[in-house]
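First the structure, in the form of structure tokens, and then the observations on it.
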Amino acid sequence: MGRFGFAPSRKNPRLCSRCFEKAPMGGVEMDVGILFADVRGFTSLAERQAPDAVTALLNRFYATAIDILCEHAIIDKLVGDQVMALYLPGVFPGEPAQHMVADARALLNASGYPENRPWVQIGIGLDLGSAFVGNVGSGDVKDFTAIGDVVNTAARLQAAAASGEIVMSRRVHRRAGENPTGTERRELTLKGKSDPEIAMVSRFDP
């Protein structure tokens with residue numbers, strides 16, 4: 001299949017590379033869901049443990065996240081101790097916001113939070129809104145990604161999440177149509193934002 005340009009995409013092995021890496025430069029403005037998942041306390045973890053142990057932990061985290069998120073999303077980036085995923089309407093069946101919440105909870109479950117013994121401490125941020133989605137860069141150095149305020153907001157919500165928390169915007173919560181057990185309303189002051197953000201928080205206590 002690779003000869004004909006239909007090799008699996010590095011963004012999601014369930015999709016073909018032509019959909020993303022081989023698409024032309026440019027893109028479109030559209031609604032997109034953004035998920036950020038980040039390892040908590042990574043700097044101190046890296047200071048205490050040997051590099052190979054830290055690498056093994058990160059690889060396990062990446063593998064777990066990719067396995068769960070690629071059911072309904074594409075992986076935008078694996079950066080340091082963080083995963084960013086895009087939920088694009090029409091690419092997978094169903095409501096993206098529902099997939100985002102369900103996948104975030106599945107990731108916490110897979111990390112061991114329900115048993116109060118997480119093997120990795122993570123916080124998750126979710127937002128959904130308009131962004132420019134497509135290939136950006138120059139020449140052969142390009143990447144399929146999303147650019148817009150929704151990306152920044154999701155990143156800030158993730159930064160506000162403690163270990164075991166999913167911090168989602170009201171937009172995600174409303175469109176998901178769910179009220180997970182323990183969800184609470186929280187007013188947040190996000191870096192770079194002029195107005196407070198009202199978020200909904202779902203939590204597993206490690």
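Please indicate, with yes or no, whether at least one residue in region 24-42 is modelled with pLDDT under 85, in contact with a helix residue (DSSP H, G or I) (Cβ under 6 Å, 6 or more places away or on another chain) and either closer than 25 Å to A159 by Cβ or part of a helix (DSSP H, G or I) (or both). No, because not a single residue in region 24-42 is modelled with pLDDT under 85, in contact with a helix residue (DSSP H, G or I) (Cβ under 6 Å, 6 or more places away or on another chain) and either closer than 25 Å to A159 by Cβ or part of a helix (DSSP H, G or I) (or both). Among the conditions (1) crowded, with 23+ Cβ neighbours inside 10 Å; (2) of a type outside the set (G, A, S); (3) in contact with a helix residue (DSSP H, G or I) (Cβ under 8 Å, 6 or more places away or on another chain), W119 misses just one, which is (1). In the set M100, M84, only one residue is of a type in the set (A, V, I, L, M) and in contact with a Lys or Arg (Cβ under 6 Å, 6 or more places away or on another chain); that residue is M84. Confirm whether A73 is loosely packed, with under 14 Cβ neighbours inside 10 Å, modelled with pLDDT of 90 or more and not hydroxyl-bearing (S, T, Y). So A73 fails the test.
Would you mind finding the one in G125, G192 that is touching a helix residue (DSSP H, G or I) at 6+ places or on another chain (Cβ under 6 Å), in contact (Cβ under 8 Å) with a residue 24 or more places away in the chain and either assigned to a loop (DSSP other than H, G, I, E, B) or crowded, with 23+ Cβ neighbours inside 10 Å (or both)?
Values: G192 fails: touching a helix residue (DSSP H, G or I) at 6+ places or on another chain (Cβ under 6 Å).
None of the other options fit; the residue is G125.
The values are calculated or read from the model by the stated rules, or taken from the named source; none is laboratory data. Just so you know, these numbers come straight off a predicted model, no measurement behind them. All Cβ positions, glycine included, derive from the backbone under ideal geometry; neighbour counts span all protein chains shown.
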